[in-house]
Amino acid sequence: MKALVKARPEMGLWMERAPVPEIGPDDVLIRIRKTGICGTDVHIWNWDDWAAKTVPVPLITGHEFAGEIVELGRDVTDLKVGQRCSGEGHLIGHHSRQSRAGKFHLDPETRGIGVNEQGAFAEYLRLPAFNVVPLPDSIPDEIGAILDPLGNAVHTALSFDLIGEDVLITGAGPIGIMAAAVARHVGARHVVITDINPDRLNLAQKVTDLRPVNVADEDLKDVIAELGMREGFDVGMEMSGNQIALDQMVEGMVMGGRIAMLGIPPGKSPVDWSRIVFKALTIKGVYGREIFETWYKMIAMLQNGLDISRVITHRYPVDDFVDGFDVMRSGKSGKVVLDWG
Ligand code: NAD
Ligand code: ZN
């Protein structure tokens with residue numbers, strides 16, 4: 001089969017032939033139809049420090065996918081050949097206290113497809129049946145291929161009650177933009193999204209109704225006054241990984257505000273902890289998706305009118321994957337989807 005492989009410990013990915021994976025008794029084989037390119041894949045392409053210390057070489061990359069089940073392991077009884085599906089790319093263990101308590105997303109033994117294990121940028125993917133998420137007919141393959149990052153957005157957005165709340169999202173990348181759409185969908189009052197990249201803020205406005213703020217030339221204090229908020233934002237979602245953005249968020253929150261942090265800062269961040277204490281803020285770190293509660297919630301919201309389709313800005317046949325990665329690396333795109341035919 002064709003597969004996009006991190007074949008050498010240097011910049012790039014290479015289209016290679018690889019054997020179709022053999023499945024075990026509890027696995028399924030999925031014929032991949034569409035895949036999404038993630039920021040993580042760009043780190044792997046660039047072969048930065050994180051990638052070099054995390055990713056074994058050679059490895060088939062990719063973890064955002066939709067496809068169709070073509071083979072069932074001997075012990076898989078609850079799925080069918082021909083079922084369209086996406087799936088959770090975090091492969092959990094069953095030994096930790098958290099996992100045994102059913103909090104699968106908190107399992108420290110988790111391994112990621114396309115990062116630690118063979119991934120989804122291939123014609124076929126082996127996946128434990130446990131990880132499969134069937135797709136309803138109303139969700140097309142290309143949306144199925146971005147449920148992984150939509151899940152990050154939904155997990156973050158549903159961390160705190162948003163109904164009637166004023167929400168600040170820092171970082172208008174694909175995940176920040178989808179989180180804004182979710183906040184709107186579930187009934188937040190004002191949704192403000194910040195970035196320093198005008199292309200990203202334009203895209204945010206195309207996907208959902210919100211107040212975009214370019215923090216390079218606008219002050220959040222003025223926006224708080226303009227929208228008639230007396231004290232600031234009730235809920236924050238940090239989705240840039242940028243330390244200045246986190247600092248602005250802490251500054252913009254009300255007393256007792258709640259912050260969910262998905263963005264990954266590049267190193268240790270200097271944070272003014274005294275401000276966090278005196279404002280009595282709650283900060284929650286968010287990792288991945290809740291397995292499988294987030295999947296249920298996001299599919300239900302998509303069936304009930306949540307529309308994030310415009311966050312997909314580029315589509316390429318997989319043989320043009322270099323163009324797809326170039327546009328991702330330009331910072332001008334939303335989600336980029338590769339078509340495996
Ligand atoms: P992205 O890099 O596409 O978007 C981040 C955006 O933040 C960019 O548009 C950038 O211009 C903007 N930004 C930079 N400096 C800023 C500032 N000072 N103020 C406001 N915005 C600023 O990333 P993404 O794919 O949308 O993911 C969002 C974040 O979530 C990333 O940090 C990513 O690493 C992280 N992430 C975490 C998890 C997890 O499980 N915790 C999972 C996926 C992604
Ligand atoms: Zn991803």
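The values are calculated or read from the model by the stated rules, or taken from the named source; none is laboratory data. Please read all numbers here as calculations on a predicted model, not as lab measurements. Cβ sites come from the backbone with ideal geometry, for glycine too, and all protein chains shown count toward neighbours. Side chains are part of the model used for accessible areas, which takes the heavy atoms of the whole protein and leaves out ligands, DNA and RNA. Shrake-Rupley method; radii C 1.70, N 1.55, O 1.52, S 1.80 Å.
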(request) May I ask you to list the residues in the range 1-31 that are under 28 Å from Leu72 (Cβ atoms), of a type outside the set (A, V, I, L, M) and not in a loop (DSSP other than H, G, I, E, B)? (result) Lys2, Glu16, Arg17, Asp27, Arg31
(request) Within the range 254-271, count every residue that is within 16 Å of ligand 1 (Cβ to nearest atom) and in contact (Cβ under 8 Å) with a residue 12 or more places away in the chain. (result) 11
(request) Output the strands (runs of 3 or more DSSP E) that fall wholly within the range 90-189 and possess 1 or more residues being out of contact with any helix residue (DSSP H, G or I) (no Cβ under 6 Å at 6 or more places or on another chain) and in contact (Cβ under 8 Å) with a residue 60 or more places away in the chain, or say none. (result) 124-128, 132-134
(message) Here is a check on your reading of the model: is Asp307 open to solvent by 10 Å² or more (accessible area, probe 1.4 Å), under 25 Å from Asp137 (Cα atoms) and not hydrophobic (A, V, I, L, M, F, W, C)?
(response) yes
(message) Suppose we keep only residues that are in contact with a helix residue (DSSP H, G or I) (Cβ under 8 Å, 6 or more places away or on another chain) and either in a helix (DSSP H, G or I) or acidic (Asp, Glu) (or both) within the range 323-341. Which one would you say is least open to solvent (accessible area, probe 1.4 Å)?
(response) Phe325
(request) State which residue is nearest to ligand 1 (Cβ to nearest atom) when the search covers only the range 222-253 and only residues that are of a type in the set (Val, Ile, Thr) and under 27 Å from the mean Cα position of the chain (by Cα). (result) Ile244
(message) I need the full set of residues from the range 56-79 which are open to solvent by 10 Å² or more (accessible area, probe 1.4 Å) and part of a loop (DSSP other than H, G, I, E, B), in order please.
(response) Pro56, Val57, Pro58, His63, Arg74, Asp75, Val76, Thr77, Asp78, Leu79
(request) Mind counting the residues in the range 32-49 that are within 14 Å of ligand 2 (Cβ to nearest atom), part of a helix (DSSP H, G or I) and open to solvent by 10 Å² or more (accessible area, probe 1.4 Å)? (result) 5
(message) Filter the range 259-273 down to the residues that are open to solvent by 60 Å² or more (accessible area, probe 1.4 Å) and more than 25 Å from His43 (Cα to Cα) and list them by number.
(response) Asp272, Trp273
(request) Return yes when Arg189 is away from ligand 2 (no atom under 16 Å from the Cβ), basic (Lys, Arg), open to solvent by 10 Å² or more (accessible area, probe 1.4 Å) and more than 29 Å from Cys85 (Cβ to Cβ) and no when it is not. (result) yes
(request) Only residues that are among the aliphatic types (A, V, I, L, M) and either in contact with a helix residue (DSSP H, G or I) (Cβ under 6 Å, 6 or more places away or on another chain) or exposed (fewer than 14 other Cβ atoms within 10 Å of the Cβ) (or both): list them for the range 313-322, please. (result) Val322
(request) Within the range 274-304, track down each residue that is among the β-branched types (Val, Ile, Thr) and open to solvent by 50 Å² or more (accessible area, probe 1.4 Å). (result) Val277, Thr282, Ile283
(message) Can you find, within the range 273-299, the residue that is farthest from Phe233 (Cα to Cα) among those that are touching a Leu at 6+ places or on another chain (Cβ under 9 Å) and more than 16 Å from ligand 1 (Cβ to nearest atom)?
(response) Ile299
